[in-house]
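Trainee: Handing you a structure now.
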Amino acid sequence: MNFERRFTYPFRTLAPAGGFSAPFSILNAAAQLRQTITEGNAVGTHLFNDYLAAKLTAKYALCCANGKSALFSIFQALKKLQDNAVVGMAAYTCPDIAVAAAEAGLRVLPLETDARTLDIDYSSIRPEHYKRISAIVLSNLYGLADDLRPWKENERRCSMLIIDDACQALLSRTAEGRVGLRPGVIGVASFGRGKALCGTGGGAVLWPEERQDCSLHHEVLEHVQACSPALRGSLADCLRSALFWILENPLLYTIPANMPFLKLGGTFPEFGFRRGGISSVQLYQALAQLIDAEERAAGLRGKVKLWAEALSSLKIIHPFTERGFDFDGMISPIRYPVLFPNNEIRDHAFAAMQKAGLGVSKSYPAPLSGYEPLRQFILPNDCPQAEDVAARILTLPVHHYVRPEDIELGAKIIGNLPGVQ
């Protein structure tokens with residue numbers, strides 16, 4: 001296998017996720033935006049907010065520093081309205097969601113994760129959980145659209161805030177609409193590395209087109225609008241943008257991958273995250289991603305289909321197919337998650353595929369209660385399935401640098417492992 005790797009893929013290392021826009025695409029996006037400006041007006045956040053909202057067919061899109069900052073602004077408004085508010089979210093999710101809630105002074109109730117679908121295990125939610133939760137965050141991990149219906153059908157739907165986190169799933173749709181803009185929700189987007197709109201940073205609070213009936217929604221919207229920061233410039237973002245685009249090439253990615261201080265592939269819940277404005281470069285990156293979103297999404301779905309077919313005969317769980325997604329153009333992944341029979345097999349698969357330069361990731365290493373900085377903010381609730389997911393999950397790359405040969409080699413490596421045939 002090592003000989004085959006050296007012969008077929010010399011010096012080639014895939015990133016776990018990627019898809020940065022080329023500099024000329026960003027310049028083209030900037031030119032398109034400037035065409036909408038009347039003579040004498042300057043480019044600003046307000047203009048981009050309107051442009052982004054139009055692109056997404058949203059009522060409002062309010063840009064800010066990053067996805068955590070967008071969540072924080074919502075949680076801060078919730079804290080102002082309900083001092084003892086509790087936020088519910090999947091126990092296995094991105095810890096940044098819990099960090100944003102904790103920074104706003106809210107408590108977090110982790111909800112059990114379904115080990116086959118990666119959605120919340122709704123059968124495990126007790127009536128008192130619904131009564132206790134003031135807001136629920138749907139994570140929509142890896143582009144998988146979480147089920148909105150249980151929350152909208154709940155008897156407290158008029159007083160519960162539903163946050164549709166589209167940081168990883170803004171390109172995905174359900175029958176109800178685009179993730180982040182489904183009826184009755186407040187959406188959150190991120191324009192950071194490895195997200196659905198892959199860039200160097202920035203984020204937004206999104207508001208669906210239709211009128212919201214919940215008075216709490218209106219209070220949150222007013223707060224976010226009042227705190228919407230001004231646009232800032234950033235030469236550093238220009239350099240970072242070009243560098244990220246260059247170094248994600250598989251022939252060069254080994255350079256950043258061997259720099260530990262970059263913390264690539266790691267999960268480190270950090271408080272004190274940056275808030276405030278978004279840079280013009282970050283805005284143009286997000287716009288460039290939106291301009292060719294359909295083409296990129298089709299490419300992502302094609303890679304997922306190849307992974308699913310190559311691994312279909314093995315004893316591993318495919319959350320995409322467990323949820324009934326058939327790669328019909330509705331769901332657009334940023335990675336392809338699979339779950340192995342146990343932790344030992346997962347670790348063997350990870351080591352072998354990483355050695356082959358195939359861009360795999362163990363994703364989030366623990367449920368929310370497993371992160372020391374978060375424990376004081378997490379309410380007690382046993383979630384053994386979430387711990388099981390953390391021990392068995394592996395995510396496979398689906399970005400445009402992934403070749404059919406990479407998927408074929410990855411399937412061969414996994415298929416040779418004991419316990420999966």
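The values are calculated or read from the model by the stated rules, or taken from the named source; none is laboratory data. Because the structure is predicted, anything quoted here is derived from the model rather than measured. Every residue, glycine among them, receives a Cβ derived from its backbone with ideal geometry; neighbour counts consider all protein chains shown.
Trainee: Here's a check for you: in segment 174-205, which residue that is within 12 Å of the chain's Cα centre (by Cα) and of a type in the set (Val, Ile, Thr) is farthest from Ala145 (Cα to Cα)?
Mentor: Filtering first and then ranking leaves Val188.
Trainee: Turning to a different aspect of this structure: With a cut-off of at least 1 residues that are among the polar types (S, T, N, Q), name the helices (runs of 4 or more DSSP H) lying wholly within segment 343-421.
Mentor: In segment 343-421, the matching helices (runs of 4 or more DSSP H) lie at 343-355, 384-392.
Trainee: I would also like to ask the following. Mind checking which residues of segment 309-329 are among the hydroxyl-bearing types (Ser, Thr, Tyr) and part of a loop (DSSP other than H, G, I, E, B)?
Mentor: Within segment 309-329, Ser312, Ser313 qualify.
Trainee: Please pick out the residue among Ala42, Ala15, Ala98 that is at pLDDT 90 or above, farther than 29 Å from His400 by Cα and among the hydrophobic types (A, V, I, L, M, F, W, C).
Mentor: Unique residue meeting the criteria: Ala98.
Trainee: What about Leu283, is it touching a residue at least 12 places away in the same chain (Cβ under 8 Å), closer than 15 Å to Cys198 by Cβ and buried (at least 16 other Cβ atoms within 10 Å of the Cβ)?
Mentor: yes
Trainee: Another question, then. Going by the structure shown, is Pro183 farther than 22 Å from Leu106 by Cα, of a type outside the set (Asp, Glu) and not in a loop (DSSP other than H, G, I, E, B)?
Mentor: no
Trainee: For segment 146-162, indicate whether the set of residues that are in a loop (DSSP other than H, G, I, E, B), among the hydroxyl-bearing types (Ser, Thr, Tyr), on the phi < 0 side of the Ramachandran plot and surrounded by 19 or more Cβ atoms within 10 Å (Cβ to Cβ) is non-empty.
Mentor: No, segment 146-162 contains no residue that is in a loop (DSSP other than H, G, I, E, B), among the hydroxyl-bearing types (Ser, Thr, Tyr), on the phi < 0 side of the Ramachandran plot and surrounded by 19 or more Cβ atoms within 10 Å (Cβ to Cβ).
Trainee: Given the condition under 16 Å from Tyr92 (Cβ atoms), of a type in the set (D, E, K, R) and at pLDDT below 95, answer yes or no: does some residue in segment 319-331 qualify?
Mentor: Yes, segment 319-331 contains at least one residue that is under 16 Å from Tyr92 (Cβ atoms), of a type in the set (D, E, K, R) and at pLDDT below 95.
Trainee: When you scan segment 82-120, how many residues do you find that are over 17 Å from Tyr364 (Cβ atoms) and acidic (Asp, Glu)?
Mentor: Matching residues across segment 82-120 total 2.
Trainee: Name the pairs whose Cβ atoms lie under 8 Å apart, with the first residue in segment 109-131 and on the phi > 0 side of the Ramachandran plot, the second in a helix (DSSP H, G or I), and 6 or more positions between them or separate chains?
Mentor: Short answer, once both residue conditions are applied: Leu118/Leu141; Leu118/Tyr142; Leu118/Pro319; Leu118/Val389.
Trainee: Which pairs do you get when a residue that is closer than 19 Å to His400 by Cβ and part of a helix (DSSP H, G or I), found in segment 250-264, comes within reach of a residue that is of a type in the set (Val, Ile, Thr) and modelled with pLDDT of 75 or more, reach meaning Cβ atoms under 9 angstrom, with the pair 6+ apart or on two chains?
Mentor: Thr254/Thr13; Ala257/Thr13
Trainee: Looking only at residues in segment 363-417 that are out of contact with any Leu (no Cβ under 8 Å at 6 or more places or on another chain) and either more than 30 Å from Glu112 (Cβ to Cβ) or β-branched (Val, Ile, Thr) (or both), which one is surrounded by the fewest Cβ atoms within 10 Å (Cβ to Cβ)?
Mentor: Glu405
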